[in-house]
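Inspection log for the structure reproduced underneath, given as structure tokens.
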4 protein chains.
Amino acid sequence: MAKRNIVVTESEETWIEDRRVEIVERKGIGHPDSLCDGIAERISVEYTRWCMENLGAPLHHNFDKVQLVAGDTDVDYGFGQLLSPIRIQIAGRGTSTAPDGRKVPMDAIAIDATKAHIRETMKYLDPDKHCVIDCYAGHGSSELMHAVHEITANDTSFGVAHWPHSGLEHAVYETCQYINYDLLNQFPIGEDVKVMGARMNGEIILTCAIPFISTQIKDAKEYIEIKGAVSQAVQTYADKLDKRPVAVHVNTADADGTRNVFLTLTGTSAECGDDGSVGRGNRVTGVIAPFRSASLEAAAGKNPISHVGKLYNVLGLLAAKDIVESIPTVREAQVYILSQIGHPLDQPLVATASIQTRNGKMTEQVKSDVEAVLDRHLSDMIGLRDKLKKMEVTLY
Amino acid sequence: MAKRNIVVTESEETWIEDRRVEIVERKGIGHPDSLCDGIAERISVEYTRWCMENLGAPLHHNFDKVQLVAGDTDVDYGFGQLLSPIRIQIAGRGTSTAPDGRKVPMDAIAIDATKAHIRETMKYLDPDKHCVIDCYAGHGSSELMHAVHEITANDTSFGVAHWPHSGLEHAVYETCQYINYDLLNQFPIGEDVKVMGARMNGEIILTCAIPFISTQIKDAKEYIEIKGAVSQAVQTYADKLDKRPVAVHVNTADADGTRNVFLTLTGTSAECGDDGSVGRGNRVTGVIAPFRSASLEAAAGKNPISHVGKLYNVLGLLAAKDIVESIPTVREAQVYILSQIGHPLDQPLVATASIQTRNGKMTEQVKSDVEAVLDRHLSDMIGLRDKLKKMEVTLY
Amino acid sequence: MAKRNIVVTESEETWIEDRRVEIVERKGIGHPDSLCDGIAERISVEYTRWCMENLGAPLHHNFDKVQLVAGDTDVDYGFGQLLSPIRIQIAGRGTSTAPDGRKVPMDAIAIDATKAHIRETMKYLDPDKHCVIDCYAGHGSSELMHAVHEITANDTSFGVAHWPHSGLEHAVYETCQYINYDLLNQFPIGEDVKVMGARMNGEIILTCAIPFISTQIKDAKEYIEIKGAVSQAVQTYADKLDKRPVAVHVNTADADGTRNVFLTLTGTSAECGDDGSVGRGNRVTGVIAPFRSASLEAAAGKNPISHVGKLYNVLGLLAAKDIVESIPTVREAQVYILSQIGHPLDQPLVATASIQTRNGKMTEQVKSDVEAVLDRHLSDMIGLRDKLKKMEVTLY
Amino acid sequence: MAKRNIVVTESEETWIEDRRVEIVERKGIGHPDSLCDGIAERISVEYTRWCMENLGAPLHHNFDKVQLVAGDTDVDYGFGQLLSPIRIQIAGRGTSTAPDGRKVPMDAIAIDATKAHIRETMKYLDPDKHCVIDCYAGHGSSELMHAVHEITANDTSFGVAHWPHSGLEHAVYETCQYINYDLLNQFPIGEDVKVMGARMNGEIILTCAIPFISTQIKDAKEYIEIKGAVSQAVQTYADKLDKRPVAVHVNTADADGTRNVFLTLTGTSAECGDDGSVGRGNRVTGVIAPFRSASLEAAAGKNPISHVGKLYNVLGLLAAKDIVESIPTVREAQVYILSQIGHPLDQPLVATASIQTRNGKMTEQVKSDVEAVLDRHLSDMIGLRDKLKKMEVTLY
């Protein structure tokens, strides 16, 4: 096994917390783009599961294209009806005939996986009742079909991730998760949450968009009351996330007292007006952080065997986490990995870890420790694939 | 007019040219993702043109979702036939009835604009012969319909751009354009070019994927010859772009001598196996540069009146260019603009210019000059819209 | 009220039972064409019901175009899996905005009605699991939107029906119904039954196609056994239907002992290979009888207010039944009704009853009695519409 | 070769001309249903042509399902614009991989054939500009794939046709063809013509619907003038077709002087409001004649090798024509042919010719002559297929 080309350096950038301004966004699990990411990934997972169980081996695929065309609804206080369903157009490539001639129920798997994701993610959105889901996926080119059997990079591409979250990233991410997984059980709200965070002048501002369930709110007065309670709950929660002052704003575009507030039937704006697409939302770090290096590759939906755009982004994140957790002097790590098409996945062209040490001093010991962590991650592509197959890693 | 909140600072980052490693990618104009970007933008332009000419005012819209589902072809040396067409699924929102009740031919405009873009971009791909183009766009929510009449931000969002290109970005961008606009006229090649650039150890490596037109290449021997000539031309061109050594590789995945080389009927892999989507390709700078700050918002297809995700990204680029060109001591500028939903577009929450000066010293004069340029750009949203309407700015 | 133009004549044709050869066919309720008819009609019924309940009046519509694109399955003895779903493409015209501006959830009604029909008709076919159902219906032209408020004919068209069933028609119809509604509960068979009947040389031959449920039949031997039992049951049942000898053949295209027998996962060939369409199956008499006069208009899916193609065919059948049941000397009646576009529905251009009397003699009394029955039916268009709205009349 | 089971009888029915009332309809070549028939058949022809040229043999297929979903237009005197295109959804079954593994461009053939048919049939409707054409055709079940190689009936089915046209059928058919092929060149009218004929009390009434081209008629006055001229031309033509008095009515639903007249942009109501489907229009005799025996099978689009629903209907018509033309004493022939699934096509279960002799007397000589003609037709299935492949027979 050739020695891997790993470069470890002290970060050349100002630490994120020392920068004057920072902007971070997270799209909640019910945002149309997040839904598409989740669906794409679930299709990949279920397709792979089917292949493993029935064929004993995975087949090449790439389901990283899913388009959600918004439906149409008629909502008002105490009322909501679906006029036209959400259309979910699954694209991508897969193999519908195994090498031994067996039929692979690709379309059926894709559609069922889409429904499973929606059912397990959304409280009010019903995939059978509110959605029309169809699969337009085609067959991969014969060239691409071979690649999956080898463990080589399918493309010249790269992955990038950092860890830990900055204070603002933490505030944005945790607040969004809190709304999605905790507040949702307390109030008549949906999953299509968006938290936009800004840090300026030592303060954090969190602007939250939160959909309310129209049928459970009887009038404008009640809406204002519930929104007030929701805002208070978010404020209380967010206050504990950071030592800096945090200001929370909820649904700032509302015209309170009128119907022009954020009311939905199903908890997502996908029902009326907002389309979605894979790879347009959160990065593997769970946030969109424009001041950070990021890959534009969509991790979701790609095959977990050979696709660099998926594997290296996730590997970067896991390695960065491991570096920070296992090496006390490191306060932040950013990992870049560049593939060479056709070369073994565990032999990237170069893997770079850019390290923020707590004291600003990079020692040979730290370098060596970081390199060892990164090398260990690169040497275990099998383990990484397994994590992906088991959905143990979130990608958005 | 309130004073704008503009912050000008010396950059906190190491200059891109001083970093050890850099990775940059450009997807050519015929790449499935670039095609989707181009189509989305052209729809927005033509829809706006129709509204201006027929209604005297623009209408709200958002055509930033276009999904390309790859077709299927059968190609070989000297041969190529379409088996199944490329499906282009236009989504997004628009207004199909003007406030005065007049019908707006939204679907027809969208489909015609798609064809126009393909015809003007692609030499071998025929939108009527090789594509099925349908429009699934719906009607915007009534709430969103109002926003376009005011000049306020439609969302809490941000734009980011830098100028100039780094040496590597320059090499990648210009090489890709050279292949797309110059070599295309000399050799039987298509527009679905991808140039992946890496800079390490003082060297630049350009890995180019270039589709060849199957019907114009009679056998494997001729393919090798022509690919050799193309590689040589690219090498010669790229050598002049940078003082550092440049290594050019073309179609590294080819199995020369076999059919497993990059042959296409139409000049794009969209014909067989590669899907596309808006916002998954190049940023407004023309490249994908993971070491740079970037917005994940798709600029293409969004309405040019109120959509921050479009306007602020483009404004950032134009302002950065203007700063660098008009202030000699600035060698690089990065501009960030953060909107406030519901506030006037020319009054962002904050606009930040992060400046690399040639001598590393930020003076009050430079600050003042930069601020003036940025202020001027922010004050001319009308001019910016006009540029977008006339397609004078490239977005990808 | 003007006197109606009703003509009653002794039939000019040889009585059907006196003809040498007769051919009759019935497509069972799970045949792809019957499914489309049933879906189209159910959409019309549910759309009308919604309008009555919410708007107090019906709206114009015409949902008589539904196309079923067959899916793909992989079946074998003891095994069955869906590879690709059945696509049901609903077309037609309706009104999605009521005159008072209220939104009519046309797409949602159409899709839900389709599922309701499948659920209530099919034992093994699950609309959510096996089908992708989408609605492409558009808006009626403004011209057509008016007609529904008046009680005038929407077209120059005609309706035709006869009663009673001939002996062969009776045998075909009842046998098909017996398999669909009785045998289905005793054997692992599906609803996509087709019975082709021929009468020649004083004998009746019934050729039946009956789908078997693959997952419930473990091997070729069991298939042969069950098919034998099914054939025997059909033979026993059919023997009682007619005094003439009846020969029953089931699944004559089977290659017994191999996999090439009529196995299905869902009980209909729509799952794999057989498409369906409205108006291509049984006439309102429940059979396809090429020796009889018939209208080619599809009754299913048309609006029950003004559409001649629906109303006059059903009215013809009900009037013929009433004539035969109430006038003892009549052994067969055939009713033809021709509309005049724009004229009141109860004032057709001409309504003709062609009568077979038992003794071959048409008297003035019989003429007068028949005319009275026909006149009564024509005078009660409201009652006819109610029957249609309540689904008290079968149309196929 | 076994003797064929051919039965020749004197007709048991009153001659059509002796009946009191007769109704006949023809849908012109631009009617949405006729367009679907024409498209379906052209796909079958082109698919077969491709297979013959490239594989040397035909492949099984069945393209007899095509659904046209109406578009939307905005028309007025002197004005017309497409708002939303006509969607043509091709379904059916074919083979996309030849037995030797070669790819058959089924989707591309189907789409191209659709465009070719529209281009060659319609003067104003442009398939690229006004239509979105997509192919949803799947693969035939393996069982059905075999049948085409043998010359056996694919189904238990029947064909029926008569010749000659009655006087009314003649008037309806020729008038419709005259408008479609002659008047079209003289006036600004389109192909979506419908002629409904009724014969009562010794008179013929022809009610014609004729679309006018909106962009070529400047106002209501001109419309009335042109419609008057068109009506006059039709009247003059129709007067010569029959000795009985003929009354011609054109566009009786028009509200003259308003916009509510039959104006179209493209010459067919498919552009706005009227959907179409295969098999819902004219029979192989070119008319819809409810008083005649007819098959409900759609002849268009079915494979010309083994599909009884196509072959026997056409054979019936050609044989009836031949009988009438070659045997002077025969004034009308009706031919019925019933297949046996799995048996040779040229050995139907029974072929019946029901003959109207001029003098009402069936002789052994006539029987023998008729039988000989029918036998000759049945013995030349190859010739029949060739006629269909060359589009020498019209099917609707």
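Couple of notes before you dig in:
- For beta carbons closer than 8 Å, sequence separation of 6+ or different chains, a first residue in region C:286-309 that is at positive phi and within 11 Å of chain D (Cβ to nearest Cβ) and a second that is at pLDDT below 95 and outside any loop (DSSP other than H, G, I, E, B), the qualifying pairs are C:G301/C:N62.
The rows are residues; the columns are (1) farther than 26 Å from A:L349 by Cβ; (2) not polar (S, T, N, Q).
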{"site": "B:Y181", "(1), (2)": "yes, yes"}
{"site": "B:P188", "(1), (2)": "yes, yes"}
{"site": "B:K218", "(1), (2)": "yes, yes"}
{"site": "B:I224", "(1), (2)": "no, yes"}
{"site": "B:Q232", "(1), (2)": "no, no"}
{"site": "B:Q235", "(1), (2)": "no, no"}
{"site": "B:K243", "(1), (2)": "no, yes"}
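- Residues in region D:177-214 that are of a type in the set (S, T, Y) and crowded, with 18+ Cβ neighbours inside 10 Å: D:Y178, D:T207, D:S214.
- Residue in region A:55-76 that is hydroxyl-bearing (S, T, Y) and in contact with a Cys (Cβ under 8 Å, 6 or more places away or on another chain) present: yes
- Subset of region B:39-55 that is out of contact with any Gly (no Cβ under 9 Å at 6 or more places or on another chain) and surrounded by 15 or more Cβ atoms within 10 Å (Cβ to Cβ) - its residue that is modelled with the lowest pLDDT: B:L55
- The residues of region D:202-243 that are of a type in the set (S, T, N, Q), more than 22 Å from D:I288 (Cβ to Cβ) and out of contact with any Leu (no Cβ under 6 Å at 6 or more places or on another chain), listed by number, are D:T215, D:Q216, D:S231, D:Q232, D:Q235, D:T236.
- Only residues that are of a type in the set (A, V, I, L, M, F, W, C), surrounded by fewer than 14 Cβ atoms within 10 Å (Cβ to Cβ) and within 21 Å of D:Q216 (Cβ to Cβ) were counted in region D:244-258, giving 1.
- Per this entry, D:L395 is counted among residues that are in contact (Cβ under 8 Å) with a residue 24 or more places away in the chain, part of a loop (DSSP other than H, G, I, E, B) and farther than 30 Å from C:N251 by Cα.
- Every listed requirement among (1) at pLDDT below 95; (2) among the acidic types (D, E); (3) buried (at least 19 other Cβ atoms within 10 Å of the Cβ) is met by B:D100 save one, (3).
- Pick from region C:330-349, criterion at pLDDT below 95 and away from chain D (no Cβ under 12 Å), ranking: nearest to C:N62 (Cα to Cα): C:L345
- Members of region D:221-258 found to be within 14 Å of chain C (Cβ to nearest Cβ) and in a loop (DSSP other than H, G, I, E, B), listed by number: D:N251, D:T252, D:A253, D:D254, D:A255, D:D256, D:T258
- For region A:2-20, the condition holds for at least one residue, the condition being that it is away from every other protein chain (no Cβ under 13 Å) and either hydroxyl-bearing (S, T, Y) or touching a residue at least 40 places away in the same chain (Cβ under 8 Å) (or both).
- When residues of region A:218-243 are limited to those that are within 27 Å of the chain's Cα centre (by Cα) and among the acidic types (D, E), the one surrounded by the fewest Cβ atoms within 10 Å (Cβ to Cβ): A:D239
- Taken over region A:262-305, residues that are part of a loop (DSSP other than H, G, I, E, B), at pLDDT 95 or above and of a type in the set (V, I, T) amount to 6.
- Annotation: of all residues in region C:259-280 being within 21 Å of C:A110 (Cα to Cα) and at the interface with chain D (Cβ under 9 Å from one of its Cβ atoms), the one that is surrounded by the most Cβ atoms within 10 Å (Cβ to Cβ) is C:V278.
- Unmet requirement for A:E225, which otherwise passes all of (1) among the charged types (D, E, K, R); (2) in contact (Cβ under 8 Å) with a residue 60 or more places away in the chain; (3) more than 24 Å from A:S84 (Cα to Cα): (2)
- Scan of region C:56-80 for residues that are within 10 Å of chain D (Cβ to nearest Cβ), more than 27 Å from the chain's Cα centre (by Cα) and farther than 17 Å from C:L125 by Cα, ordered by number: none
- The number of residues in region D:306-339 being part of a loop (DSSP other than H, G, I, E, B) and of a type in the set (A, V, I, L, M) comes to 1.
The values are calculated or read from the model by the stated rules, or taken from the named source; none is laboratory data. Only a predicted model underlies this, so the values are computations on that prediction, with no experimental measurement involved. Virtual Cβ from ideal backbone geometry, glycine too; neighbours counted across all protein chains shown.
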